[in-house]
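Chemist: Sending over a structure as structure tokens; questions will come in a sec.
The values are calculated or read from the model by the stated rules, or taken from the named source; none is laboratory data. The structure presented is a predicted model; accordingly, all values stated were derived computationally and were not measured. Methodologically, a virtual Cβ is constructed for each residue, glycine included, from the backbone with ideal geometry; neighbour enumeration extends over all protein chains shown. Just so you know, the surface numbers come from the protein's heavy atoms only, side chains and all, with ligands and any DNA or RNA stripped out. Shrake-Rupley method; radii C 1.70, N 1.55, O 1.52, S 1.80 Å.
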Amino acid sequence: CSVSGLGGRLVGTRWMFPAGSSIVLGGIAHDAALLSNQGKEFHRVAFDERTHFTEMACQFISTTRIRKVMNFPIRCGTASSANPGGPGHQHVKDQFITEEAIRKVKDIPTHEPTPFGLAFWKDKDTVYVPSRAADNPFLDVEDYIKRLARNKNPVERARMMNGDWGVSPEGLIKPHWLRYYTHI
């Protein structure tokens, strides 16, 4: 169902509907742009590629811009899509991804779609629904996997192919753990 099929019409960056509701399309190029959202209120916010936003931007929008109208029957909140990696990787991982999710998603073979309905709840309001290359019904998965295999960065490859939030560029041993030892 398209937005225009619901009687909506696009006016600038806003879809307006006959009942008075609207969908506002916008972006945040950098944290300073958050000030342009000061004073605005939203019922729901959707982040596309949430790892491209800083933790400060996500927190500002999620905690200060979302407001519920009295007696409105629909819950306030946010929805996000994200690939592992990017500047916001760690704060998104900390907020949404459980160790159980990392283990279970790693057990799914690369060419198989994620089992329908698989979701991991961090708390009663925070859910992570995994998505991997094999889950996209429009994607030529074999071609994409072949292209990713040529990516020389094994961390990027694992993140993009399998939605792997557990892989880390730092490795298993962190350099600061070795502060009492000398490198030979």
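Yes/no matrix, rows are residues, columns are (1) assigned to a loop (DSSP other than H, G, I, E, B); (2) in contact with a Pro (Cβ under 7 Å, 6 or more places away or on another chain); (3) over 19 Å from residue 125 (Cβ atoms):
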| residue | (1), (2), (3) |
| --- | --- |
| 23 | no, no, yes |
| 26 | yes, no, yes |
| 36 | no, no, yes |
| 57 | no, no, yes |
| 71 | yes, no, yes |
| 84 | yes, no, yes |
| 90 | no, no, yes |
| 94 | no, no, no |
| 100 | no, no, no |
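Chemist: Mind counting the residues in the range 75-107 that are closer than 11 Å to residue 165 by Cα and either open to solvent by 80 Å² or more (accessible area, probe 1.4 Å) or of a type in the set (D, E, K, R) (or both)?
Modeler: Step one: list which residues in the range 75-107 are closer than 11 Å to residue 165 by Cα, which gives 82-85, 89-90, 92-94, 96-99, 101-103, 105-106.
In the following step, the residues that additionally are either open to solvent by 80 Å² or more (accessible area, probe 1.4 Å) or of a type in the set (D, E, K, R) (or both) were identified as 90, 93-94, 99, 103, 106.
Number of matching residues: 6.
Chemist: Report, ordered by the first and then the second residue, all pairs with beta carbons closer than 6 Å, sequence separation of six or more or different chains, a first member in the range 86-98 that is closer than 23 Å to residue 153 by Cα, and a second member that is of a type in the set (S, T, N, Q).
Modeler: 86/51; 88/51; 89/51; 92/51
Chemist: Yes or no: the range 30-42 includes at least one residue that is within 30 Å of residue 167 (Cβ to Cβ) and modelled with pLDDT under 90. Before the answer, list the steps.
Modeler: Our first condition is that a residue be within 30 Å of residue 167 (Cβ to Cβ); within the range 30-42, this holds for 30-31.
Now restrict to residues that are modelled with pLDDT under 90: 30-31.
Yes, that holds for at least one residue.
Chemist: Then there is this: Every residue in the range 111-160 that is more than 21 Å from residue 99 (Cβ to Cβ), assigned to a loop (DSSP other than H, G, I, E, B) and of a type outside the set (D, E, K, R), please.
Modeler: Correct list: 111, 113, 116, 136, 137, 138, 139, 151, 153.
Chemist: So which of 24, 3 is modelled with pLDDT under 90, surrounded by 10 or more Cβ atoms within 10 Å (Cβ to Cβ), in contact with a strand residue (DSSP E or B) (Cβ under 6 Å, 6 or more places away or on another chain) and over 20 Å from residue 67 (Cβ atoms)? Steps first, answer last, please.
Modeler: Values: 24 fails: over 20 Å from residue 67 (Cβ atoms).
Result: 3 is the single residue among 24, 3 that is modelled with pLDDT under 90, surrounded by 10 or more Cβ atoms within 10 Å (Cβ to Cβ), in contact with a strand residue (DSSP E or B) (Cβ under 6 Å, 6 or more places away or on another chain) and over 20 Å from residue 67 (Cβ atoms).
Chemist: Of the conditions (1) over 19 Å from the mean Cα position of the chain (by Cα); (2) of a type in the set (Lys, Arg); (3) closer than 30 Å to residue 137 by Cβ, residue 93 clears all except one; give me its number.
Modeler: (1)
Chemist: Considering only residues that are at positive phi and loosely packed, with under 12 Cβ neighbours inside 10 Å, which ones fall in the range 33-74? Write out each step before concluding.
Modeler: Just the residues of the range 33-74 that are at positive phi, to begin with: 39, 49, 71.
Within the range 33-74, 39, 71 meet the criteria.
Each row is one residue, and each column tells you yes or no for (1) within 17 Å of residue 46 (Cβ to Cβ); (2) touching a helix residue (DSSP H, G or I) at 6+ places or on another chain (Cβ under 9 Å); (3) modelled with pLDDT under 90.
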| position | (1), (2), (3) |
| --- | --- |
| 72 | no, no, yes |
| 77 | yes, yes, no |
| 82 | yes, yes, no |
| 85 | no, yes, no |
| 104 | no, no, no |
| 109 | no, yes, no |
| 139 | no, yes, no |
| 143 | no, no, no |
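Chemist: Output yes when any residue across the range 121-130 is at pLDDT 90 or above, over 30 Å from residue 21 (Cα atoms) and surrounded by 15 or more Cβ atoms within 10 Å (Cβ to Cβ), and no when none is.
Modeler: yes
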